[in-house]
């Protein structure tokens, strides 16, 4: 008999060899129907796995976070069978899960087109209705290599797999694929699905290899969840920052510089508004601002370690016969600024920030509007402190970070703490001190976080900040990283209380990350309808007719004197057309001016996205608008 510990702390005795599926039935019929997989002693397994020793068991259902990935992995197999059924000459490569779905790379000479998606989905529906069991089979590595000796893709997968046992999964009418699992019990439990797209992909990303076809799909527990996801995607298309950037004349790209954004005047207003706010917050938190060169000699990048670890992503040049590199990161320059003079412990912590322009060589296939560019500005900061000051400095960075995010309307945060990787520098004691300091700071702020074991940088543990936009999409923005390596590499020291020289701790920190990427995020978050303080044009004055033009110009001047960005539309268009044009340009406020408003020194206020209008005195409008800019308010109501 085996003792099984359940998630609620209770134990259940079962006969040796009892499968997890049988255990679920013993617990309850409802649980058995809902079960799709299990976790035995922290390892995800199929329901068919037998229990042969005392273990802890959690039955996985669609309510558990792991369920979607398992369902999607199983759905990838269903899609693969469907593709092989329609195109028998297909060679399967691999089919992992990705965020919100899965894909399968296939070697097929005939192109799979969007018009074929319905055919694939129809065949998948047949496979799902058959509700055939996923059956796991394990054989030795040697047997597996012999079994698939003529398939270079699967042979490669076997050679890359860990362990001496290789597993296969089969279902339906003879379909079998190499896979480590686990899977749902049968094809009927893969959820509601849809084929999303097809793209080209090189095997292992190697452009010298044959171009494969990567077929993407998604699956969700219910049809309702699938429909909600597809609806979000449709909304995301409307909010695509590349489309809105062109429509609102904010930025552009040109083949003269692929991956290098051209910021237009409207985009620069957004940019500078963010910079002004960023500087004001950093000033309050005690940061000094620096600026370091964009190009520095190769010797510096050898010393920093970037030459060995990041060379393929860098751009190079030569000056007077000496090799130079355009900086991909700002940290080495910050170290040189620190090293310019001697420092005492009395100065610590030293906080220096930089809006540093960096360049990184991104492959042409991964560039995506402002989200992935080759030149971008990073809101870097580096804090030099003693080990005893780490925790309090991290608390300060967290408070600053949350203040900035909330100003943009982001309240849904997710925090991850990444710990010591297998390959690292520094003593275990140093890592324990650093990791405990990060944990202590998060605890002091009463912040829930997820631990990513072994995912820290080689030079220190880190905290990553993720925000969710209005479509519930997650974006990784800020990061806090502790670094014991670079200060030593650059010989950075300070004079301590005992008059000895010691190496400072270096905290790398970014809040928004790439300014370009962040602007793309907020364009999509707001759908181009920027808050008043960020809007390139905040107010447009719309005279009903030429008779009101003089008062309209008076109002415009009042607005400009109050510091508002505005214009007046003196065109011969009818007022309805003027209003429609301003709405299309997503202006926060439209002030309609007629004889009545001129007589009473008032304005008729129309608010973006609001049907109703309201007539108020010009002073009242100015006071309200100025307060909203200062307070970074999202609400435009007067």
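Odds and ends about this structure:
- Residue that is surrounded by the most Cβ atoms within 10 Å (Cβ to Cβ) [pool: residues in segment 157-185 that are within 31 Å of the chain's Cα centre (by Cα) and part of a helix (DSSP H, G or I)]: 157
- Of residues in segment 590-604 being under 18 Å from residue 537 (Cβ atoms) and touching a helix residue (DSSP H, G or I) at 6+ places or on another chain (Cβ under 6 Å), the one surrounded by the fewest Cβ atoms within 10 Å (Cβ to Cβ): 590
- In segment 264-286, the residues that are over 19 Å from residue 354 (Cβ atoms) and either outside the structural domain of residue 353 (by TED's automatic domain parsing) or not in a helix (DSSP H, G or I) (or both): 264
- Residues satisfying the stated conditions in segment 127-152, i.e. closer than 13 Å to residue 171 by Cα and in a helix (DSSP H, G or I): 127, 128, 129, 130
- Test: residue 293 is loosely packed, with under 15 Cβ neighbours inside 10 Å and either closer than 30 Å to residue 386 by Cβ or in the same structural domain as residue 391 (by TED's automatic domain parsing) (or both): yes
- The residue that is nearest to the chain's Cα centre (by Cα), among those in segment 16-30 that are over 13 Å from residue 48 (Cβ atoms) and exposed (fewer than 11 other Cβ atoms within 10 Å of the Cβ), is 30.
- Residue within segment 379-388 that is modelled with pLDDT under 90, part of a helix (DSSP H, G or I) and in contact with a helix residue (DSSP H, G or I) (Cβ under 8 Å, 6 or more places away or on another chain) present: yes
- Restricting segment 533-554 to residues that are more than 43 Å from the chain's Cα centre (by Cα) and crowded, with 18+ Cβ neighbours inside 10 Å leaves a set whose member that is nearest to residue 595 (Cα to Cα) is 548.
- Matching residues in segment 369-388 - criterion: being surrounded by fewer than 19 Cβ atoms within 10 Å (Cβ to Cβ) and either over 18 Å from the mean Cα position of the chain (by Cα) or without any contact (Cβ under 8 Å) to a residue 40 or more places away in the chain (or both): 375, 386, 387, 388
- Leading residue by the ranking (nearest to residue 358 (Cα to Cα)) among those in segment 296-313 that are surrounded by fewer than 19 Cβ atoms within 10 Å (Cβ to Cβ) and in contact with a strand residue (DSSP E or B) (Cβ under 7 Å, 6 or more places away or on another chain): 296
- Looking at 194, 154, 137, 129, just one residue is at negative phi, in contact with a helix residue (DSSP H, G or I) (Cβ under 7 Å, 6 or more places away or on another chain) and not assigned by TED's automatic domain parsing to the domain that holds residue 37, and that residue is 194.
- Some residue of segment 398-405 being over 18 Å from the mean Cα position of the chain (by Cα) and buried (at least 19 other Cβ atoms within 10 Å of the Cβ): yes
- Tally, over segment 205-215, of residues that are touching a residue at least 24 places away in the same chain (Cβ under 8 Å) and surrounded by fewer than 18 Cβ atoms within 10 Å (Cβ to Cβ): 1
- Of everything in segment 618-631 that is in contact (Cβ under 8 Å) with a residue 60 or more places away in the chain and buried (at least 16 other Cβ atoms within 10 Å of the Cβ), the residue that is nearest to residue 607 (Cα to Cα) is 625.
The values are calculated or read from the model by the stated rules, or taken from the named source; none is laboratory data. Being a predicted model, the structure only gives us computed values, none of them experimental. Every residue, glycine as well, gets a Cβ built from its backbone with ideal geometry; the counts of neighbours run over all protein chains shown.
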